[in-house]
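The values are calculated or read from the model by the stated rules, or taken from the named source; none is laboratory data. Source: prediction; values computed, not measured. Here the Cβ positions follow ideal geometry from the backbone for every residue, glycine too, while neighbour counts run over all protein chains shown. Surface areas here come from the heavy atoms of the whole protein model, side chains and all, with no ligands, DNA or RNA. Shrake-Rupley method; radii C 1.70, N 1.55, O 1.52, S 1.80 Å.
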Amino acid sequence: MKAVQMIRAGGAESLGVVEIPEPEIHDDEVLVLVQAAGVNPVDTKIRAGTFPRFHPVLPATLGRDISGTIIRSGSEVSEFRTGEEVFGMLDYDRGSYAELAAASPREIARKPFGINHLEAAALPVAALTAWQALFEHGRLRKSQRVLIHGAGGGVGHYAVQFAAWCGAEVLATCAGSDVDFVGSLGAGRPIDYQSERFEEIATGMDLVLDLIGGEIRQRSWSTLKSRGILVSTLPNPKPDGRADVSGREVVVYSSPAQLDVIGRLVADGRVKVHLDRIFLFTEAQKAHDHLEREHSRGKTVLRFP
């Protein structure tokens, strides 16, 4: 079978399309015919060798987001049947940039009717990150105020919609070109970070979702009310000179139950998947270049023949 593998740590040119053996599945796993795979910023960091949580044994197939059809099931799998369409987030060492991928039931959920494979593959990593950041770490509830940074991107555009869906008041920073887009997702006050200082607009926040880090994170602490929470996808979110607020790091994990809920929200039209760019899976180099060099709105996805 064909797969896109990382040959060495480095730039996008370190990815190559190669022939590799079909993955062997254990009795408690399924084999998925991949129809689409999401591309995430973390993939580019793993490829570059700058992601601290995972350094693959090379050569390695990259990718975690997957959508496809089960073509074989292990003898101990009772949750899924051959022929079912599924989507999910694979463990780091499996790889979704391939024609076939092994998965366990804890990594996948049934793909709802009404969602195509491209949309389904755009969900798991980014949507689960947004969901867990808002509702598990941030404990967001109806009528609370939340500030979401990077609202036009993969995680951000889901976070805005989830927060609006739960009844929160949403303020969200984005590029000027994304203001209308972010407003259409449910942000009551999109903030153009290129022309506005968000800390002068966002005050008394119950929650800040930090997807940027650096100076943006440091300026965000002042926007929180007492007992407010800053949740970050980046390490060590520690309050800057305030003892009455807290910081938490979200490390996304696979949750079929959460994928079921998210999938239903998309199928029902309450959450929209915005596909920024779609590439053939053999064009993974171009997909990585796009994420690293161009402004992305929503999600980038690889499609398979």
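Odds and ends about this structure:
- Reported to the nearest whole Å, the Cα centre-to-centre distance from segment 93-108 to segment 264-305 is 18.
- Tensor-based shape of segment 80-215 (alpha-carbon gyration tensor, a/c under 1.5 rounded, otherwise prolate or oblate): prolate
- Here r is the Cβ-Cβ distance between His295 and Trp165 and R0 is 35 Å; the resulting FRET efficiency, rounded to 0.05, is 0.85.
- Mean separation of Cα contacts under 8 Å (6+ apart) over length of the chain, as relative contact order %: 19 percent
- Helix 284-293 axis, angle to the chain major axis (alpha carbon atoms, nearest 10°): 10 degrees
- Apportionment of accessible area to carbon and sulfur, segment 99-242, percent (1.4 Å): 49 percent
- The alpha-carbon of Lys45 sits under 26 angstrom from the alpha-carbons of these lysines, leaving out residues fewer than 8 places away in its chain: Lys2, Lys238, Lys286, Lys299.
- For the chain, alpha-carbon Rg over 2.2 N^0.38 Å: 1.00
- Anisotropy class of segment 123-174 from Cα gyration tensor, a/c 1.5 cut: oblate
- Using only alpha carbons, segment 178-232 has a radius of gyration to Kirkwood radius ratio (Rg to Rh) of 0.96.
- Kirkwood radius, segment 198-305, all distinct C-alpha pairs, inverse of mean reciprocal distance: 16.8 Å.
- Accessible area (Å², per residue) of the chain, counting only protein heavy atoms and a probe of 1.4 Å: 43 Å²
- Peptide packing for 207-219, 238-250 was compared via the average number of neighbouring C-beta atoms within 10 Å per residue; ordered from the highest value, the list is 207-219, 238-250.
- Amide N proximity, segment 16-54 versus Leu275 label position 7 Å along Cα-to-Cβ, cut-off under 16 Å: 34-40
- Bridges between two residues of the chain, per DSSP, are antiparallel at a rate of about 55%.
- Crossing angle, helix 256-267 versus the chain [Cα axis fit, 0-90 degrees, rounded to tens]: 80 degrees
- Local net charge near Ala133, Cβ-Cβ under 13 Å (Lys/Arg +1, Asp/Glu -1): -1
- Reachable lysines, given that their alpha-carbon falls under 25 Å from the alpha-carbon of Lys142 and they are not under 8 places away in the same chain: Lys225, Lys272
- Cα shape, segment 21-152, gyration tensor, a/c 1.5 rule: oblate
- Proximal charge balance of Cys166 [Cβ under 9 Å; K/R count +1, D/E count -1]: +2
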